[in-house]
1. Taking the solvent-accessible surface of protein heavy atoms with a 1.4 Å probe, what is the per residue accessible area of segment 328-393 in Å²?
2. Specify the angular offset, from 0 to 90 degrees and rounded to the nearest 10, of the alpha carbon long axis of helix 129-143 from the longest principal axis of the alpha carbons in the chain.
3. How large is the dipole of segment 1-147 about the Cα centre if only Lys and Arg carry +1 and Asp and Glu carry -1, each at its Cβ, rounded to the nearest 20 debye?
4. Dipole size in debye (nearest 20) for segment 144-210 around its Cα centre, Lys and Arg Cβ +1, Asp and Glu Cβ -1?
5. Kirkwood Rh over alpha-carbon pairs of segment 271-393, then Stokes-Einstein at 20 °C and 1.002 mPa s: what D in µm² s⁻¹, rounded to an integer?
6. Taking Cα atoms, how many degrees apart are the long axis of helix 362-371 and the longest axis of the chain, rounded to 10 and kept between 0 and 90?
7. When the Karplus curve 6.51 cos²θ - 1.76 cosθ + 1.60 is applied with θ = phi - 60°, which whole-Hz ³J(HN,Hα) does each residue of segment 236-250 get, with x for Gly and Pro?
8. When the Karplus curve 6.51 cos²θ - 1.76 cosθ + 1.60 is applied with θ = phi - 60°, which whole-Hz ³J(HN,Hα) does each residue of segment 120-127 get, with x for Gly and Pro?
Amino acid sequence: MKRVTIIVLDSVGCGAAPDSHLYGDEGSNTLSHVAAAVPGMRLPNLAGLGLGLIEQVSGIERAERPGAWYGRMQEQSAGKDTTTGHWELAGLSLEKPFPVYPDGFPQVIVSRLEAAFGRQILGNIPASGTEIIQRLGDEHVRTGSPIVYTSADSVLQIACHEAVVPLETLYRFCEQSRAIMGGEHAVGRIIARPFAGTSGDYRRTANRHDYALEPFGKTVLDMASSAGYTVAGIGKIHDIYAGRGLTRHVRTTSNQDGIGKTLRWLGESFEGILMVNLVDFDALYGHRNNPEGYAAALMAFDSRLPELIAALSPGELLLITADHGCDPTWPGTDHTREYVPLLAYQPGMDQGRPLGTRSCFCDLAATVADYLSLPERPEGTSFWPQMASDGLA
C-alpha cells in the first residue's frame, strides 16, 4: 500500500541549530535536557528505531541495530513557530518571519479589533495563556470583554469564558481578527482559547481553534490531493494549513486521543498521506517549563509506538519528526531554535542507516513526493532514493 504516515511530535527538538544564537537559544536541546532532568526516562521503542543515534541526542539508549533510518533536519525558514515549521515540512520555506509583538499589538490594530467585536478588549500583552486567564478572568466574566494576548510566537490569541461568550461568538471574533491581521500584521495564527471554571480555578477547554494563514504556495499535501491521493490530517493539521490540500481531517483533545484516531485511520484502506500532530509536548509541558511532564508524555508515546508500527501494511512508510524545539529547562517559555529528529521506517526493514543532517525540513516533503511518485515536486532533497536502493519498496 502506498501510504505515508507523518507523525509530528510537536516541539521535540534535538539540539541547538547553527543559527540558534540569533534567537537566544544557543545551547538548547529539548530531548537531551529532558533526559538529563528526568533520569528515569526510558524510550525503548524510539531508541530501538535509532533516536539515540542522532547527533546531539544524549541520555537515550544507542541501538546496535537501529530499526529505522535516522537523522536530523535543520530549519531554513526564518522563525521558530508551529506554522513555519509545518509549512517547511510540507515543502515551503519562508525567507521573512511572521510578525511578532513583544510589546503587544499597536493601537491601530486594537481599535480595529474593538470596532469589529463591538466591545473593549482586555490584556494586549505577551503572556502565558494559563496565567492570563487567572489574572484577567474575573474582569472578563464581569464585563464580557475578550482577553486578547500574544506570545513570542506570531499569534493573536483570544480567551473567553464559554459561559460568558458563546463559542460561536468567540470563533466569529477570531474570523474577524484573521481579516484584520493582514499585510504587515499577517500573524501566523489567530487562536481561539475558550476557558471554563470559576474565580481562582479557570481552566482552558478542549475547544481551541486555530485560524492560520493559507500557505503562500503549493505544499506536498496540495500535490498529493491533486494527484488523486487521500490526504488526511489528525490534530491541528487542518488549522495549520488552513485546510489546504486535505481531503479528510479530525481534531483531537490530547496526544492519546490523537494516537487512538491515528490507529483507527490506519485500519482503513486508503493510499496517500496521513499527517498527525501530537501537541501535548509543546502546549502542556514545553511552554510550562515542566520537564517531568514532558518526559512522561514522551514515555506515553513510546509505549504506543509498537501499536502504530503493527498497524502498518507492507510497503507503507512511517516518518517521525518535529516542527521546532521547546526546551522546558530553558529560560522563558518560548520555542527554541533546534534541529528536529527524523526517523523513517518501513515494515520488514532489516536495519536502518544514518540519514545525516538534512539541510532543510523540506527534505521530508521531497521524500514523500518521491515515495508517492507525484508528478509535481516541492522544495527539498529526497532521501527516498537512499532508502529504496537498500531494497525498500
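The values are calculated or read from the model by the stated rules, or taken from the named source; none is laboratory data. Keep in mind it's a predicted model, so treat the numbers as computed, not measured. Here the Cβ positions follow ideal geometry from the backbone for every residue, glycine too, while neighbour counts run over all protein chains shown. Note: accessible area is taken over every heavy atom of the protein model, side chains too, but ligands, DNA and RNA are not part of it. Shrake-Rupley method; radii C 1.70, N 1.55, O 1.52, S 1.80 Å.
1. On a per-residue basis, 38 Å².
2. With rounding to tens, the tilt is 30 degrees.
3. 500 debye
4. Here segment 144-210 has a charge dipole of around 80 debye.
5. Translational diffusion coefficient: 132 µm²/s.
6. Helix 362-371 sits at roughly 50 degrees to that axis.
7. Computed from phi, the couplings for segment 236-250 are 8, 4, 4, 5, 5, 9, 6, x, 5, x, 8, 9, 8, 7, 8 Hz.
8. Listing the rounded values in order: 6, 10, 10, x, 6, 9, x, 7 Hz.
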